[in-house]
Ligand code: MN
């Protein structure tokens, strides 16, 4: 797999994601992206052969060696995807919020290409959250309706294992320390709640993501921030929260689910 599939699925005038080109040199980095698309999942990517080999892990990786995490291999991603964090606008493939959940390097425990083609990829991670030995094992027993892209991601027993590992407690970006909701554009509302004297809406950093891309969200945002010019009233709090919730839903997609499911037949189940 080169990057044709990756490029076919995306319209680069509509998504902030990078266009796919093959890297000349390959390092040994890894990235895990927390991706709130139609369904929340984690994308596990290993830099290899000029691309990022990618698996979508619905429950996310675990440091508990008793967990066997289903990992669906998806299309290779360009190496430039490594630090992509932000919002894929509604209507685009994989629409939703992406967080760089973990980054680091990896060492193959053997010949990487050989282990990958055999479906038994053993490696050691050196990340901010994930460390130690893991295995990605291709599932040979095919369930009815299986596409043959099912693997299991399993933590090996070593010093880095954590029996009580709970991924939900680690909702912060390895790059920007933001929570997923903050990346989704919730941050201004949260800061406004805690500091009602703020003169102007905050969230300058993420503002551009909405401009031209999601006019409705922009509109909602400006109407939600208008009350800051008036004196603080308890009413505002209750008036703001539903708007933010609506916006978050618009981004992360309850309504979009059907459209995504429709197209899932010809593309992939997990974006
Ligand atoms: Mn994804």
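For segment 123-147, enumerate the residues that are in a loop (DSSP other than H, G, I, E, B) and either surrounded by 10 or more Cβ atoms within 10 Å (Cβ to Cβ) or in contact with a helix residue (DSSP H, G or I) (Cβ under 9 Å, 6 or more places away or on another chain) (or both).
Result: 128, 129, 130, 139, 142, 146, 147.
Which numbered condition trips up residue 59, out of (1) buried (at least 16 other Cβ atoms within 10 Å of the Cβ); (2) in contact with a strand residue (DSSP E or B) (Cβ under 8 Å, 6 or more places away or on another chain); (3) farther than 24 Å from residue 25 by Cβ?
(1) is the only condition that residue 59 fails.
Here's the yes/no breakdown for (1) within 15 Å of the ligand (Cβ to nearest atom); (2) over 13 Å from the mean Cα position of the chain (by Cα):
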residue	(1), (2)
24	no, yes
52	yes, yes
69	yes, yes
92	yes, yes
97	yes, no
107	no, yes
115	no, yes
120	no, yes
125	no, yes
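Within segment 162-177, how many residues turn out to be closer than 18 Å to residue 58 by Cβ, assigned to a loop (DSSP other than H, G, I, E, B) and in contact (Cβ under 8 Å) with a residue 24 or more places away in the chain?
The total comes to 2.
Search segment 26-40 for residues being within 12 Å of the ligand (Cβ to nearest atom) and surrounded by fewer than 21 Cβ atoms within 10 Å (Cβ to Cβ), and hand back the single one that is nearest to residue 108 (Cα to Cα).
For segment 26-40, the residue satisfying everything is 40.
For segment 151-161, indicate whether the set of residues that are touching a strand residue (DSSP E or B) at 6+ places or on another chain (Cβ under 6 Å), outside any strand (DSSP E or B), within 16 Å of the ligand (Cβ to nearest atom) and touching a residue at least 40 places away in the same chain (Cβ under 8 Å) is non-empty.
No; the residues of segment 151-161 include none that is touching a strand residue (DSSP E or B) at 6+ places or on another chain (Cβ under 6 Å), outside any strand (DSSP E or B), within 16 Å of the ligand (Cβ to nearest atom) and touching a residue at least 40 places away in the same chain (Cβ under 8 Å).
Scan segment 82-97 and tell me whether some residue there is in contact (Cβ under 8 Å) with a residue 60 or more places away in the chain and within 14 Å of residue 71 (Cα to Cα).
Taking every residue of segment 82-97 in turn, none turns out to be in contact (Cβ under 8 Å) with a residue 60 or more places away in the chain and within 14 Å of residue 71 (Cα to Cα).
Please work out which one of (1) farther than 20 Å from residue 15 by Cα; (2) more than 16 Å from the ligand (Cβ to nearest atom); (3) in contact (Cβ under 8 Å) with a residue 40 or more places away in the chain is the condition residue 79 fails and give its number.
So residue 79 meets the others, but not (1).
So which residues in segment 1-20 are touching a helix residue (DSSP H, G or I) at 6+ places or on another chain (Cβ under 9 Å) and surrounded by 14 or more Cβ atoms within 10 Å (Cβ to Cβ)?
Hits for segment 1-20 are 6, 17, 18, 20.
Throughout, read-outs are computed from the coordinates displayed, never taken from laboratory work. The shown structure was predicted, so the numbers you read here are calculated from the model rather than taken from an experiment. Counting neighbours? That spans all protein chains shown, and the Cβs are built from the backbone with ideal geometry, glycine included.
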